[in-house]
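What follows is a single structure, written as structure tokens, with notes after it.
Quick note: the coordinates plus some simple rules give every number you see, no bench work behind them. Fair warning: this is a prediction, and the values are worked out from it, not measured in the lab. All Cβ positions, glycine included, derive from the backbone under ideal geometry; neighbour counts span all protein chains shown.
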Amino acid sequence: MLKTVVITALIVILVKQFVLTPINVKGMSMEPTYEDKDVVLVDRISALGHSQHVVFESPYHDGELYIKRLIGLPGDVIEMKDDVLYLNGQAQEEPYVKRADKNIYLRTTEDFAPITVPEGKFFVMGDNRIKSQDSRHFGFIDADIVFGKSFATIYPFSHIKLAK
């Protein structure tokens with residue numbers, strides 16, 4: 001009996017430490033996808049891809065984690081023009097982006113010239129572009145500071161959903 005409890009506890013600890021880890025969302029930078037104080041499960045072993053939500057170490061504060069949308073992988077060319085994101089020359093649909101207003105004259109994101117994501121780096125942006133500190137401000141992030149990708153929202157219970 002004790003052996004079963006110990007083995008079960010070890011499995012739970014290992015899964016939490018190395019596979020799926022709960023993380024608290026802080027702030028409004030990922031609204032409407034995630035809200036302040038949501039708890040998300042982070043998958044620490046799967047490969048990363050475009051438009052996934054990645055959790056990484058803050059470039060500003062030791063020990064603090066950020067969650068943003070992965071926009072650019074190594075070798076990608078990214079550009080923002082007239083509030084439209086271009087990835088490798090192709091306009092991207094971004095239904096997840098929180099628009100400030102339905103007024104077509106209000107911009108969500110400032111233009112930036114084409115940039116190429118270097119090897120070993122990623123380009124990330126928050127879904128609430130107006131309220132997000134992201135790669136537009138702190139530059140590319142190193143791949144080795146990425147903790148994992150969001151898998152699901154698990155709390156509060158009214159927000160439970162799989163990541164899209």
Exercise for the section: Quick one: give the max-minus-min coordinate of the C-alpha atoms of segment 57-164 along each principal axis, largest first, in Å. Expected result: 36, 36, 24
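If the limit is 25 Å between Cα atoms, which of K68/K161; K81/K161; K121/K161; K37/K161; K98/K149; K131/K164 go over it? Intermediate results must be reported in sequence, preceding the final value.
Working: K68/K161 17 Å; K81/K161 32 Å; K121/K161 29 Å; K37/K161 15 Å; K98/K149 20 Å; K131/K164 21 Å.
Pairs exceeding 25 Å: K81/K161; K121/K161.
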Completion exercise
Net charge (Lys, Arg +1; Asp, Glu -1) of residues whose beta-carbon lies under 13 Å from that of K149, K149 excluded, is +3
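For segment 29-72, what is one quarter of the convex hull surface built on the Cα atoms, given in nm²? Write down the numbers at each step before the final one.
Working: hull surface 15.0 nm².
Result: a mean projected hull area of 3.7 nm².
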